[in-house]
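The values are calculated or read from the model by the stated rules, or taken from the named source; none is laboratory data. Since this is a predicted model, take the numbers as computed values, not measurements. We place every Cβ from the backbone using ideal geometry, glycine too, and count neighbours over all the protein chains shown.
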Amino acid sequence: MEFSDDMRVPEEAVDLGGPGREFLLLLIEALPLSPMFEGEEGKMNFALDTLSMVGFLSPTLFSCLVDGPDLAKPVLEDVADSDLREKIKRVEDLIVATEPLQEYLANAGCLRPLRRLEDKDLLIHDILMFQVIHRVRGPFERFQDGLRTLEVLDKIQAYKESFRTLLCWSSSVLTADLLDSLFTIRLSPAGSNKRHAEAVRFKHCVFQENMDFALGNTHGFGIA
């Protein structure tokens with residue numbers, strides 16, 4: 001890995017205390033900005049973006065990962081499109097009928113007459129399920145496949161409460177100790193050449209110090 005300045009001249013990445021520390025800080029800052037996700041801070045879901053996980057997943061997306069999309073219960077805050085969210089809210093508050101959403105509802109397969117109060121609740125549920133869950137089912141399944149590659153999804157589903165605090169936003173401070181507690185490092189047998197090379201590459205105390213710095217200086221983790 002090589003760092004460079006704005007003129008693409010190699011540098012030593014000393015601005016933030018070394019290349020490892022700077023890399024982790026930049027990585028954590030970049031993840032929530034990925035076009036894979038959309039929504040408000042701490043409530044991010046998948047975006048339907050073909051060009052396109054720590055502390056920024058919505059509870060709904062996390063629920064899809066551990067329990068499956070069919071059991072998800074999306075809420076109005078999961079809708080990233082602010083215009084659509086306001087239209088849904090107006091229907092939810094019974095301020096207007098569904099005329100402003102007729103075309104959208106028809107395309108989503110959610111068009112239904114509102115004859116009873118219960119019909120309004122069912123309509124809101126149908127809209128949220130389509131917009132948040134069904135509309136992005138393909139990208140979500142590809143995301144699942146990627147997590148299965150290294151058995152990460154299995155671990156998330158087996159230890160969902162531990163991963164919930166890691167992947168979903170909370171007011172607690174995320175530290176390198178918390179990340180370290182989720183994984184076990186398997187080194188080669190002591191005395192082997194491979195173990196010696198691993199010891200040179202992997203300096204746990206340095207990694208922990210750099211990760212703590214990155215988490216502590218990233219908005220949403222250590223910076224309010």
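Within region 153-166, the only residue that satisfies the criterion of being surrounded by fewer than 15 Cβ atoms within 10 Å (Cβ to Cβ) and of a type in the set (A, V, I, L, M) is ALA158. Would you confirm whether any residue within region 110-118 is in a helix (DSSP H, G or I) and surrounded by 14 or more Cβ atoms within 10 Å (Cβ to Cβ)? Taking every residue of region 110-118 in turn, none turns out to be in a helix (DSSP H, G or I) and surrounded by 14 or more Cβ atoms within 10 Å (Cβ to Cβ).
ARG201 falls short of the stated requirement of being at pLDDT 85 or above and among the basic types (Lys, Arg).
When region 156-198 is filtered for residues that are out of contact with any helix residue (DSSP H, G or I) (no Cβ under 9 Å at 6 or more places or on another chain), of a type outside the set (A, V, I, L, M, F, W, C), modelled with pLDDT under 85 and assigned to a helix (DSSP H, G or I), the ones remaining, listed by number, are ASN193, LYS194, ARG195, HIS196, GLU198.
Comparison of LEU24, LEU94, LEU16 shows that the only residue that is out of contact with any Pro (no Cβ under 7 Å at 6 or more places or on another chain) and either modelled with pLDDT of 70 or more or buried (at least 19 other Cβ atoms within 10 Å of the Cβ) (or both) is LEU24. Cβ separations smaller than 8 Å between residues 6+ apart or across chains give no pair from region 119-137 residues that are within 11 Å of VAL91 (Cα to Cα) and surrounded by fewer than 17 Cβ atoms within 10 Å (Cβ to Cβ) to residues that are aromatic (Phe, Trp, Tyr) and modelled with pLDDT under 90. Is at least one residue of region 141-155 among the aromatic types (Phe, Trp, Tyr), at pLDDT 85 or above and closer than 21 Å to GLU38 by Cβ? Checked against the condition, which is being among the aromatic types (Phe, Trp, Tyr), at pLDDT 85 or above and closer than 21 Å to GLU38 by Cβ, region 141-155 yields at least one hit.
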